[in-house]
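I have placed the structure first, in the form of C-alpha cells, so that the comments after it can refer back to it.
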Amino acid sequence: MKLKSDELERLALHSAFGLHLIAKWMATRSDVDPQIKSRLAAHLEAIDGILVNTGHDWIRPEIEATEAALQS
C-alpha cells in the first residue's frame, strides 16, 4: 500500500501528537525509568523541529513544556 503525500503527512502528524500525549502522561509518573523519559524528550525535540519546519509550530509551547517535564 502506498499513501499519497497528504495522507502520509496526516499519518505522521497524528502519530507525533499521539506520542506527545503519551510522553506528557509519562512525565507525570514517578515509576517511569528516567532514561526512558530522557529518550522521549530527545525524540520530542526532534519532532518539534520537524513540525516547526513544516509550518506546524502552533503546538510548540506544549511540546516544549512536555520536554521540560520529562527532564525534571
Carbon + sulfur, % of accessible area of the chain - ligands and nucleic acids excluded, 1.4 Å: 58
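Can you pull out the trypsin sites (Lys or Arg not before Pro) in the chain that DSSP calls coil and that have at most 15 other Cβ atoms within 10 Å? Walk me through the numbers before you get to the answer.
Working: sites: LYS2, LYS4, ARG10, LYS24, ARG29, LYS37, ARG39; in loops: LYS2, LYS4, ARG29.
Of the trypsin sites (Lys or Arg not before Pro), the ones in loops of the chain whose Cβ has at most 15 other Cβ atoms within 10 Å are LYS2, LYS4, ARG29.
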Additional length obtainable on full extension of the chain from LEU21 to GLU64, 0.36 nm per residue less Cα span: 14.2 nm
Highest-fluctuation residue, ALA16, ALA46, ALA27 considered, GNM on the chain with Cα pairs under 10 Å: ALA46
With DNA, RNA and ligands ignored, accessible area of LEU11 (1.4 Å probe; Å², nearest 10): 90
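Hey, with R₀ at 35 Å, roughly what FRET efficiency would GLU7 and SER72 work out to, going by the Cβ-Cβ distance, to 0.05?
Details: r = 37 Å, r/R0 = 1.05.
Efficiency computed from Cβ-Cβ geometry: 0.40.
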Span per principal axis, largest first, for the Cα atoms of the chain (Å): 41, 26, 15
Span-like helix ranges in the chain, DSSP H, alpha carbon extent 27 angstrom or more, Kyte mean at least -1.0: 5-27, 34-53
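The values are calculated or read from the model by the stated rules, or taken from the named source; none is laboratory data. Small disclaimer: the values here were computed from a predicted structure and weren't measured. Cβ sites come from the backbone with ideal geometry, for glycine too, and all protein chains shown count toward neighbours. In case anyone asks, the SASA skips ligands and DNA or RNA and just uses the protein heavy atoms, side chains included. Shrake-Rupley method; radii C 1.70, N 1.55, O 1.52, S 1.80 Å.
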